[in-house]
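The values are calculated or read from the model by the stated rules, or taken from the named source; none is laboratory data. Predicted, not measured: the structure shown is a model, and the values here were computed from it. Counting neighbours? That spans all protein chains shown, and the Cβs are built from the backbone with ideal geometry, glycine included. The accessibility values were calculated without ligands, DNA or RNA, using every heavy atom of the protein model including side chains. Shrake-Rupley method; radii C 1.70, N 1.55, O 1.52, S 1.80 Å.
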Amino acid sequence: MSTNGIPLTVNGKPVTRPNEDASLPLLDVLQEYLGLTGTKLGCGIGQCRACTVAVQDTPGGPWRNVQSCLTPLAAVSGKSVTTVEGLATGTALHPLQHAFLTEFAFQCGYCTPGFLMAASVLLDQLRRAPVARDKVDDAIMAAIGHNVCRCTGYFRYFSAVRKVVLAQPGLVKA
Ligand code: FES
Ligand code: FES
């Protein structure tokens, strides 16, 4: 934090929030002040992961999952945040978004942004450290196994993420 406010990057754009916002949940800042309503409030206590966003601590470094309902804005000062709005490239859906659609992974869709962001962090992890073919399922479970879907789309989410992981070159060791 500096006297000039709290700087961060959200979906590739620099943002500065006033220091008074330091203790606000990141989720509230995204929704109420930045107009990014894709990130959802579920439980509000760090359990459901509907509010998951991706955070990168240093440029070029690994991305990690963050539960934005529990994370104060000050904790992401100087960092990069990606929300579900930052996944697509223009009108081109991210491969995970495309797979979630073609696999009919969601029903109401409330949990979908959280699953997307958790899975997108997994793709980043696998790009940096590919896993053996027989470890792919474990890696997916570790990535999205804590996200709650009240419509119980778990298997289809899993299947969609698996398809993307196996289709993208370089994520699985030969
Ligand atoms: S809203 Fe449930 S973990 Fe954040
Ligand atoms: S699709 Fe409805 S909560 Fe997951």
How big is the chain in terms of Cα radius of gyration and Dmax, in angstroms?
16.0, 51
Extended-chain gain in nm, criterion 0.36 nm per residue less alpha-carbon gap, Leu41 and Arg127:
28.0 nm
Cut-off 13 Å, label 7 Å out along Cα→Cβ of Thr9, residues of region 24-67 by amide N
55-63
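Quick one: Kirkwood hydrodynamic radius for region 95-173, alpha-carbon pairs, angstrom, one decimal?
Values: mean 1/r = 0.0812 Å⁻¹.
With all distinct Cα pairs of region 95-173 included, I get 12.3 Å.
Multiplying the sequence separation of Leu70 and Thr58 by 0.36 nm and subtracting their Cα-Cα distance, what value in nm do you get?
Between Leu70 and Thr58, full extension yields 2.2 nm more.
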Would you mind computing, in nm to one decimal, how far apart the modelled labels at His146 and Leu166 are, each placed 7 Å from Cα along Cα→Cβ?
2.7 nm
If you take every residue apart from Leu70 with its C-beta less than 15 Å away from the C-beta of Leu70, what net charge results, scoring Lys and Arg +1 and Asp and Glu -1?
+2
Roughly speaking, to the nearest percent, how much of the chain's 1.4 Å accessible area is carbon and sulfur?
56 percent
Could you check the spin-label model distance between Lys173 and Ser159? Points 7 Å from the Cα along Cα→Cβ, value in nm.
2.9 nm
Taking amide hydrogens as modeled 1.01 Å from N in the peptide plane, which residues meet the under 5 Å criterion relative to Cys43, leaving out close sequence neighbours?
Cys48, Arg49, Ala50
Can you find, among Thr71, Ile140, Pro7, the residue farthest towards the positive end of the dipole of the chain? Put +1 on the C-beta of Lys and Arg, -1 on that of Asp and Glu.
Ile140
Report the relative contact order of the chain, percent, no decimals, based on alpha-carbon pairs under 8 angstrom and at least 6 residues apart.
23 percent
Students often forget the sequence filter, so: which aspartates and glutamates lie under 18 Å Cα-Cα from Lys173 once same-chain residues fewer than 8 apart are removed?
Asp124, Asp134, Asp137, Asp138
Net charge (Lys, Arg +1; Asp, Glu -1) of residues whose beta-carbon lies under 11 Å from that of Lys163, Lys163 excluded, is +1
Where the chain is the region considered: accessible area per residue in Å², 1.4 Å probe
51 Å²
For Lys40, give me every one of the lysines with a C-alpha distance below 24 angstrom, ignoring sequence neighbours fewer than eight places off in its own chain.
Lys13, Lys79
In deg cm²/dmol, rounded to the nearest 500, the helical mean residue ellipticity at 222 nm of the chain, built from -39500 (n - 2.57) for every DSSP H run of length 4 or more, is -8500 deg cm²/dmol
